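Asks: Dropping the structure in here first, questions after.
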Amino acid sequence: MANPFGHGGEHGMIPTLPGSLSVVVPCFNEESSVEELVARIGRAASGLVADFEVLIIDDGSTDGTLRQARLLADLDARVRYVSLSRNFGKEGAIYAGLLHARGESVLLMDGDLQHPPEVIRMLLEKRAETGADQVIARRTRAGDPPIRTLLTRICYGLMNRAVDVRLADGEGDFRLLSRRAVAAVLELSEANRFSKGLFAWIGFPSATVDYENVSRAHGRSRWSTRHLINYGIDGVMSFNSRPLRTMIHLGYVITILSLLYVAWLVMNAIVFGVSAPGYITVIAAVVGFGGIQLLSLGVIGEYVGRMYVETKNRPKYFIAETGGSGLGGFRLAEQLSAGNEVDVRRVERQISPQSPRDA
Ligand code: UDP
Ligand code: MG
């Protein structure tokens, strides 16, 4: 059974065309790259797949990205765009893209030309060769500044110690997914999305293809060091509750130590009589325990915060505008009515018929 849901993943109306490919590109202020990107994807993909579409997800760009997308969709029937109502972040844009892609397989890539479209050929060939559900483009770190490479290494080293899924350096969102892998990722409908981990979590056979890193052509990356650190925390927290466990370990080690210390003090008092010194010890204990307690509270708070966000169960994005035809020649705008939210949820249910939310 090639397609367990019997449809192409959208509104239950459009069957996926065999051999078709959707290239999903989340774009936030990529005005200067998007045109070249679409042209290069076109050159790279034509002849390789039976039919393809480029699906631009405009993630609330404040520059001319949407204007470019409209133009491109007018020029080329294979270009389709979905414009979100504001900037929801790359993860939200990816979710929207996967949800609206109609291809039998879906290729996810960045809009800033850091993922060279020429790699698409390698990905497709690897897929044909191995039949893997996920073909991952792994970038080598040739063009990166050394500090960044080092930071990233450390980040991954730490994260892989803490996380249950395997995360590999250089393996990001640039990958080719089979229809069932797309359906699986969409079933993980959490609000705090950490796609790198989600892709690893769903499993399925995967293969990798190496490509040379390219520096950003225009604009600048929105990943500062602070972002990277937060990304690391996200990675750890999204995939397990180990930090909570660590706090318990820390708690009993400290409890045992302090009990021993108290016992020693009592012994001392009994043997030598009560004496006043101990100011430094008291202050050290107060400050030390205060710090540990705050840290622990922070960790708990982080999980509670995440639960809060998840229980609100808000849509991951809203669509403000769509256009273009893409695969199957349907105009998305004609299918999406004004009631975006209702629509998105209905689609989600169709994609995951057994989702616990409906049970
Ligand atoms: N992006 C997005 N929404 C955001 C931030 C980024 O859709 O809020 C897109 C961006 O346009 C690009 C991709 O995600 O196509 C990767 O972003 P960026 O280049 O900033 O990240 P990096 O390549 O440094 O990981
Ligand atoms: Mg980039």
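The values are calculated or read from the model by the stated rules, or taken from the named source; none is laboratory data. Keep in mind that this is a model prediction, so the values were computed, not measured. As a convention, Cβ positions derive from the backbone with ideal geometry for all residues, glycine included, and neighbour counts pool all protein chains shown. Accessible surface is based on the protein model in full, side chains and every heavy atom, while ligands, DNA and RNA are left aside. Shrake-Rupley method; radii C 1.70, N 1.55, O 1.52, S 1.80 Å.
Asks: Across the stretch 140-172, which residue is nearest to Leu107 (Cα to Cα) among those that are open to solvent by less than 20 Å² (accessible area, probe 1.4 Å) and touching a residue at least 60 places away in the same chain (Cβ under 8 Å)?
Replies: Looking at residues that are open to solvent by less than 20 Å² (accessible area, probe 1.4 Å) and touching a residue at least 60 places away in the same chain (Cβ under 8 Å), I get Leu167.
Asks: Consider the stretch 113-135. How many of its residues are more than 15 Å from ligand 1 (Cβ to nearest atom) and either open to solvent by 30 Å² or more (accessible area, probe 1.4 Å) or not in a loop (DSSP other than H, G, I, E, B) (or both)?
Replies: Qualifying residue count, the stretch 113-135: 15.
Here's the yes/no breakdown for (1) among the small types (Gly, Ala, Ser); (2) out of contact with any helix residue (DSSP H, G or I) (no Cβ under 9 Å at 6 or more places or on another chain); (3) at pLDDT 75 or above:
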residue: Glu187; (1), (2), (3): no, no, yes
residue: Lys196; (1), (2), (3): no, no, yes
residue: Glu212; (1), (2), (3): no, yes, yes
residue: Gly219; (1), (2), (3): yes, no, no
residue: Ser258; (1), (2), (3): yes, no, yes
residue: Val271; (1), (2), (3): no, yes, yes
residue: Tyr279; (1), (2), (3): no, yes, no
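Asks: Tell me yes or no: at least one residue of the stretch 145-155 is within 16 Å of ligand 2 (Cβ to nearest atom), at pLDDT 90 or above and not aliphatic (A, V, I, L, M).
Replies: no
Asks: Further question: Within the stretch 281-313, count every residue that is of a type in the set (S, T, N, Q) and open to solvent by less than 80 Å² (accessible area, probe 1.4 Å).
Replies: 3
Asks: Follow-up question, since we're still on this one. Examine the stretch 272-290 for a residue that is of a type in the set (Phe, Trp, Tyr), without any contact (Cβ under 8 Å) to a residue 12 or more places away in the chain and part of a helix (DSSP H, G or I), and state whether such a residue exists.
Replies: yes
Asks: What residue, among those in the stretch 94-112 that are closer than 24 Å to His227 by Cα and in a loop (DSSP other than H, G, I, E, B), is farthest from ligand 2 (Cβ to nearest atom)?
Replies: Met109
Asks: Considering only residues that are charged (D, E, K, R) and open to solvent by 50 Å² or more (accessible area, probe 1.4 Å), look in the stretch 21-50 and name the one that is farthest from Leu176 (Cα to Cα).
Replies: Glu31
Asks: Continuing with the same structure: Residues being more than 16 Å from ligand 1 (Cβ to nearest atom) and part of a strand (DSSP E or B): count how many of those fall in the stretch 150-186.
Replies: 3
Asks: Give the residues of the stretch 58-93 that are touching a helix residue (DSSP H, G or I) at 6+ places or on another chain (Cβ under 7 Å), part of a helix (DSSP H, G or I) and open to solvent by 10 Å² or more (accessible area, probe 1.4 Å), sorted by residue number.
Replies: Scanning the stretch 58-93 gives Gln68, Leu72, Glu91.
Asks: OK, next. Regarding the stretch 217-239, can at least one residue be identified that is closer than 28 Å to Glu30 by Cα, within 16 Å of ligand 1 (Cβ to nearest atom), touching a strand residue (DSSP E or B) at 6+ places or on another chain (Cβ under 7 Å) and open to solvent by less than 30 Å² (accessible area, probe 1.4 Å)?
Replies: Within the stretch 217-239 (the criterion being closer than 28 Å to Glu30 by Cα, within 16 Å of ligand 1 (Cβ to nearest atom), touching a strand residue (DSSP E or B) at 6+ places or on another chain (Cβ under 7 Å) and open to solvent by less than 30 Å² (accessible area, probe 1.4 Å)), the answer is no, since none of the residues qualifies.
Asks: Here's something else I'd like to know. Is one or more of the residues making up the stretch 85-92 within 18 Å of Gln134 (Cβ to Cβ) and modelled with pLDDT of 90 or more?
Replies: Looking through the stretch 85-92, at least one residue is within 18 Å of Gln134 (Cβ to Cβ) and modelled with pLDDT of 90 or more.
Asks: Which ones in the stretch 52-73 are in contact with a Ser or Thr (Cβ under 6 Å, 6 or more places away or on another chain), among the acidic types (Asp, Glu) and closer than 19 Å to Tyr317 by Cβ?
Replies: Answer for the stretch 52-73, where residues must be in contact with a Ser or Thr (Cβ under 6 Å, 6 or more places away or on another chain), among the acidic types (Asp, Glu) and closer than 19 Å to Tyr317 by Cβ: just Asp58.
Asks: Scan the stretch 310-342 residue by residue and report those that are more than 29 Å from Met237 (Cβ to Cβ), at pLDDT 85 or above and among the aromatic types (Phe, Trp, Tyr).
Replies: Hits for the stretch 310-342: nothing passes.
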